[in-house]
1. Can you find, among 327, 308, 280, the residue sitting farthest towards the positive end of the charge dipole of the stretch 278-365, where Lys and Arg contribute +1 and Asp and Glu -1 at Cβ?
2. I'd like the accessible area for residue 284: 1.4 Å probe, protein heavy atoms, all chains in place, Å² to the nearest 10.
3. Would you list 404, 535 from the most to the least accessible area, probe 1.4 Å?
4. Tell me, what is the 1.4 Å probe accessible area of residue 276, in Å² to the nearest 10?
5. What FRET efficiency comes out for residue 436 versus residue 286 if R0 is 35 angstrom and r is the Cβ-Cβ distance? Round to the nearest 0.05.
6. With every protein chain left in place, what is the accessible area of residue 310 in Å² (1.4 Å probe, nearest 10)?
7. What ranking of 198, 441 comes out by heavy-atom accessible area, probe 1.4 Å, highest first?
8. Can you tell which of 445, 501, 384 lies farthest toward the positive end of the dipole of the stretch 383-535, using +1 and -1 charges on the Cβ of basic and acidic side chains (Lys, Arg; Asp, Glu)?
Amino acid sequence: MTGHRPALRTPRGRARGAAIAAFVALAPLIPSAAAAVGSQEITAKLPYDCALPSGTQRAAVRVTATFPDRAKAGEAIRPTGVTTTVELPAAAVADLTALKATTVVPETRLALDVAQHEAKAQALWRGTARPVPLPAEGTLTLTTTGDAPAVTAAADGDLTLTATDLAVDLALGTADGAPTAPPSLTLACTLAKDADGHGLLATVPIGPATGTPAPSGSPSPSAPAAPASGRPTDPASPSGSTAPGAPGATGGKDKNKDKDKAPKVGDARAGLAADRPPAPPCVKENPTDKSLNAYITGYSNVRKLAGASLIPVSCVQIEQGDPEISFPPDGSIHLLQKSDAYLDYQGRKQTPPFTSTFLTFGFTPTTATMILEQAGPMTVASDVLLVFPDNIAETYVRAPLVLRVLDVEVNGTRLDVGPSCRTETPLSSPEPDPATYPGPHLVMLGKGQLINGTDATGYVLTSGGPLTGEVTIPAFTGCGAGGENLDRLLTASISGSGNYVKQIQGQTCAVGVEVPTEGQCTEDRQPYVVPAPER
């Protein structure tokens, strides 16, 4: 890709000879009440030792997910219903309240070993949740759900998934919306040595089930005895064997040619996208070799109305900055990149109009049509900690956005708000670096990880993902027509702090290339991936 300079490249992108660009949407993984036929639900209760400001404390962790009962070599295994529940002790609550925090927005990052025979790969299960109020006393329970990358085994034999390290990221909030110091904490947790099963979450047999009829003309293998667990021994597992000519065998030598290959850990979205959904035009005029474009969508809570507003699929144009290497005094190595961006809808820096319906004051159905209008520069600041084989990414997206109200209906009757109804100032979020980024603006944070030999998970500049934040909606001004002032009505109904935001950004298209990258760009260099919103 001539001249295109992303901060990092994922292994998949290297294999295709093209940079993987930002903003891959993550699929919503919704826990199922009952496992489907041919699946196994797992629940693992694991003790973890977590480093808290007051010292190391024991946390109770429960991990649930659904896997297939069995899979074939080369077939993608996608865990669903992935949920991580962390119960922190009362000492953790005391540490957080000492920082004047009243709420936390949790994110979890659970590392796993994916192993088969003697080969092993690493995967990362990420989870997010809405803000959780801190209790006055007692323990703090945090439940997150999120994405899990697909896993593909190269050969027959049992595939095991084992939990290892856990990180719990906590964005801290206060009652008055002011930032805490620090504004966030990351709790590093290690699996306790006394954990039952040493962290084993699931075992998925790979290959045909014992007793499957052999193809015509092939001798049938003798069925090995079942182990104590009652599960038939997989004929390709270390405790079983498969005769030449048995189902799935191609001869003794060829049969085991992939046994030493590590399982492949893929993209959390791979294989989920159907045909490209409709989306507004997203064409970059006069692109450079650093130009990217992408789609973004998501939800924003309106706390006063006890509901969420869908932010429509919107085009974002990005101009990448030059990456820089930083060597802080602590001896670490960081890759820094600051990029500029703007919303693009019909040549204006705004989202498309979107409509939301709420129950105002708890009983009156109110429908409003709105837009988010950019009121200043949007920045994307990425900091990637380079620690072989892991690369830990933290990205802040900052955007001054004014909320404009175009039309309102109350209980089916149109309320004329006039042409100039908007928030007095841009939406605002707690800013961790106010000296560098003054003034009101929305702040969203994405965290991700690149593990050597796997695709990126979570959010990083080159593979994207979910961005979350908390926003205060300012008072309204200019609302009303015919001498009627509706500013106070809208301010009383909508304005206030503590509104949770979760945005999903789709994989970018590198616009300034000679040949668009397959799966990333359409022929006319628009983003191929149109993300789905997540709550």
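1. Sorting the options by dipole projection puts first 308.
2. Around 40 Å² of this residue is reachable by solvent.
3. Largest accessible area first, the list is 535, 404.
4. Near enough 80 Å² of accessible area.
5. Efficiency for this residue pair is about 0.75.
6. Estimated to the nearest 10 Å², residue 310 gives 70 Å².
7. 198, 441
8. Sorting the options by dipole projection puts first 501.
The values are calculated or read from the model by the stated rules, or taken from the named source; none is laboratory data. Please read these numbers as outputs of a predicted model, since none were measured by experiment. Every residue, glycine as well, gets a Cβ built from its backbone with ideal geometry; the counts of neighbours run over all protein chains shown. To get the accessible areas, we keep the full protein, side chains included, count just its heavy atoms, and leave off ligands, DNA and RNA. Shrake-Rupley method; radii C 1.70, N 1.55, O 1.52, S 1.80 Å.
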